[in-house]
1. Give me the residue from the range 58-68 that is hydrophobic (A, V, I, L, M, F, W, C) and surrounded by 12 or more Cβ atoms within 10 Å (Cβ to Cβ) and, out of that set, farthest from the chain's Cα centre (by Cα).
2. Return the residue satisfying two criteria in turn: it lies in the range 1-50 and is open to solvent by 40 Å² or more (accessible area, probe 1.4 Å) and in a loop (DSSP other than H, G, I, E, B), and of such residues it is modelled with the highest pLDDT.
3. What number of residues within the range 18-66 are over 21 Å from Ser6 (Cβ atoms) and among the polar types (S, T, N, Q)?
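The values are calculated or read from the model by the stated rules, or taken from the named source; none is laboratory data. The model shown is predicted, which means the values in this text are computed figures rather than measured ones. Cβ: placed from backbone, ideal geometry, glycine included. Neighbour counts: every protein chain shown. When the accessible area is computed, the model is the full protein with side chains, heavy atoms only, and any ligands, DNA or RNA have been set aside. Shrake-Rupley method; radii C 1.70, N 1.55, O 1.52, S 1.80 Å.
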Amino acid sequence: MGYLKSKEFWEAAAHRAIRTFCQVFVSSIPTSAAIIQDVNWAFILSASGLAAIISIVTSIATGLPEVEE
């Protein structure tokens, strides 16, 4: 787990978390409401934030293939 001290690891993990946040955010809008005024923004931000946190935890637990150990 020496990779946890690497700047390269944290940059890659943050990049993955941001991508995950954006993917969940965009994909949740159509499932939340038919028109933009009815979108439950709190739900979408909450789900997206949770997905980003899970992404970081997964990166810590399993490592990242693009980062050398």
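1. Per the stated criteria, the residue is Val67.
2. Restricting to residues being open to solvent by 40 Å² or more (accessible area, probe 1.4 Å) and in a loop (DSSP other than H, G, I, E, B), the top hit is Asn40.
3. The number of residues fulfilling the criteria is 9.
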